[in-house]
1. Among the residues of region 35-87, write down those that are over 17 Å from Val165 (Cα atoms) and assigned to a loop (DSSP other than H, G, I, E, B).
2. For region 134-148, which positions are in contact (Cβ under 8 Å) with a residue 40 or more places away in the chain and farther than 15 Å from Leu183 by Cα?
3. Suppose the filter is farther than 22 Å from Arg167 by Cα and assigned to a helix (DSSP H, G or I); does Ala123 pass it?
4. Of the residues Leu136, Leu111, Leu147, Leu157, which single one is among the hydrophobic types (A, V, I, L, M, F, W, C) and farther than 16 Å from Ile189 by Cα?
5. Is at least one residue of region 152-173 more than 14 Å from Arg87 (Cβ to Cβ), assigned by TED's automatic domain parsing to the domain that holds Val101, modelled with pLDDT of 90 or more and crowded, with 21+ Cβ neighbours inside 10 Å?
6. When the residues of region 53-75 are narrowed to those that are modelled with pLDDT of 90 or more and of a type in the set (Val, Ile, Thr), which ends up farthest from the chain's Cα centre (by Cα)?
7. Tell me, which residue of region 76-113 that is of a type in the set (S, T, N, Q) and within 27 Å of Asp142 (Cβ to Cβ) is modelled with the highest pLDDT?
8. For region 121-132, does any single residue satisfy the condition of being buried (at least 19 other Cβ atoms within 10 Å of the Cβ) and touching a residue at least 60 places away in the same chain (Cβ under 8 Å)?
Amino acid sequence: MKVTDTPKQAGKPVRRRVYEHLKTEILTGRLSPEERLGEEHLAEILGVSRTPVREALHKLEAEGLIQPGAKRGFIVSGDSREEVEDRFEIRAVLEGYALRVISARIGEEHLARFEELIDRAEAALEANRMDEVFDLNTRFHDTLHELVSDRERLYRLIVDMRKQVLRYRRETLQSREGARRTLNGHRKIVLALHLKDPDLCERTMREHIRQAKEDALQAIMG
């Protein structure tokens, strides 16, 4: 897919579009750890010159998402157990605090929306539509975080950290057991929000993210 074909990228400089496209491909798991990234090949498939690709690759290297290959080009970096744990623990703190904030401002309309998303995800799980379960899980958290989008610094930190763990979650939500634990966690989150107990909300979200961490570690580390 050429980066110039993406409507959301319209108006951005080519180098920015190339960088964001490659970063998304890595963070969503469409580019796997150890996959080779060649400058010339990427320029051809993205329909751009080699210069913005080269700039994007060096920026991704500085961020630790890719590393030099044994010969030429780069490979997608894999994460150590400690790096995976750190990402999920940081996410647990951020989203736990966010749910504390949300508990003071959430209304019945939003609570009904969350319950609808969980119901739809459970129906998809029963029908073994695992990609739909993943999409609905993402929508559940997106909808939650829209409620703190006015807290711009918090919101940006949450979005960035969720992107960094997305590739692990895609894998764990292909498992029926992992998906079931996730949906049970969502039920607990909604119950805590119904009770409007900020301490319970923060604790429940942290437990939910830490369960996701354990599922991810089991899936990728064995």
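The values are calculated or read from the model by the stated rules, or taken from the named source; none is laboratory data. Being a predicted model, the structure only gives us computed values, none of them experimental. As a convention, Cβ positions derive from the backbone with ideal geometry for all residues, glycine included, and neighbour counts pool all protein chains shown.
1. The answer is Glu35, Gly38, Gly47, Val48, Ser49, Gly69, Ala70, Lys71, Arg72, Gly73.
2. Of everything in region 134-148, those that are in contact (Cβ under 8 Å) with a residue 40 or more places away in the chain and farther than 15 Å from Leu183 by Cα turn out to be His145, Leu147, Val148.
3. yes
4. Leu157
5. Checked against the condition, which is being more than 14 Å from Arg87 (Cβ to Cβ), assigned by TED's automatic domain parsing to the domain that holds Val101, modelled with pLDDT of 90 or more and crowded, with 21+ Cβ neighbours inside 10 Å, region 152-173 yields no hits at all.
6. The extreme case among them is Val53.
7. Initially, region 76-113 is screened for residues of a type in the set (S, T, N, Q), giving 77, 80, 103.
Retained after the next criterion (residues that are within 27 Å of Asp142 (Cβ to Cβ)): 77, 103.
Details: Ser77: 83, Ser103: 97.
The extreme case among them is Ser103.
8. Yes, some residue in region 121-132 is buried (at least 19 other Cβ atoms within 10 Å of the Cβ) and touching a residue at least 60 places away in the same chain (Cβ under 8 Å).
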